[in-house]
Amino acid sequence: MSGVPGAPTGTPDPLVIRSLEFLGPQATAGGWRPDSTLPEVAFAGRSNVGKSSLLNALVRRKAFARVSRTPGRTREINFFAVNGTFVLADLPGYGYARIAKSRQAEWRPLIEGYLRHAPTLRGVVLLLDVRRDPTDEDQVMLELLTETGIPTLICVTKVDKVGRDVVAARMKAIAEAIGFAPEDLIPFSAIDGRGRDDLAAAIGQLVAEAPVAEAPVAEAPVAEGSADSAAAGEGQRDSGASLDGEGAAAS
Ligand SMILES: Nc1nc2c(ncn2[C@@H]2O[C@H](COP(=O)(O)OP(=O)(O)O)[C@@H](O)[C@H]2O)c(=O)[nH]1
Ligand SMILES: [Mg+2]
């Protein structure tokens, strides 16, 4: 099982966790975020898509799996430094059916603000449920990613919930709905582990690749004020936090 196009088999697994440090939450658009120079990868998707389960499977950490039921935490962006080498940003799930419509729209300014002001962001992993067609909110997310030019990995979750033959058909339908090639989608299951190594390799590539959206470094003379982003204090907060998860979520 494999098939991440271009992912060399020799890419070291960046998600063998030696250290994992909670850096803090971003709660509002333009609010605090870590002043990090490390490459960053963000994870996005609809509530209940399986994001917490995927992250727990990716980093293979029991402590990580502790599902927080704090409602507030699930509406924040939570930042973690992995092995001191890259930052994982867990974006709030959108489209949660039990949240009033007025609150459902809150995710957009926060996520949009984040995408536009994350200087070291190397890519976003967007999760889509194998059994569902992409929603309007998924499409909004994709449009934001296209517009900002942020490299995007599509991960199709919960593939263990449908038969193997159905997976192929669903991958094709989902790819079509979002304008991707089916072979560029990564099938994933937190239950049987499918896709975990492919996703880890693809993330490894993202964080290893030359930055695409950062200020030019060596060649061009540095424009004043553009490169100096390291200044303010390290935002280190309660490191006992774990990734969010709606343990009691419906469907
Ligand atoms: N069968 C199966 N269930 C999953 C998988 N990933 C998540 N789930 C279930 O889907 C629900 C939502 O998962 P969760 O990780 O909390 O989703 P989140 O809201 O996106 O963080 C939970 O009941 C999980 O047990 C998967 O790969 N396979
Ligand atoms: Mg979650």
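Rule-based calculations on the coordinates, nothing more; no lab input. Treat the numbers as computed from the prediction; the structure is a model and nothing was measured. Cβ atoms come from the backbone with ideal geometry, glycine included; neighbour counts cover every protein chain shown.
Max-minus-min Cα coordinates of segment 20-217 on each principal axis give 45, 40, 36 Å, with the largest extent listed first.
Extension gain for Glu106 to Ala173 (0.36 nm times residue separation, less C-alpha to C-alpha distance): 21.2 nm.
Quick check on segment 136-195: what are the equivalent-ellipsoid semi-axes from the Cα gyration tensor, as sqrt(5λ), descending, whole Å?
Numbers: eigenvalues 101, 30, 19 Å².
Semi-axes from the Cα gyration tensor: 23, 12, 10 Å.
Less than 15 Å Cβ to Cβ from Arg170, Lys/Arg counted +1 and Asp/Glu -1: what total charge do the surrounding residues give? Here the count lands on -1. Cβ crowding within 10 Å ranks Lys172, Lys158, Lys51 as Lys172, Lys158, Lys51, fewest other Cβ atoms first. In this label model, Ala29 and Phe180 are separated by 2.5 nm, measuring between points 7 Å along each Cα→Cβ vector.
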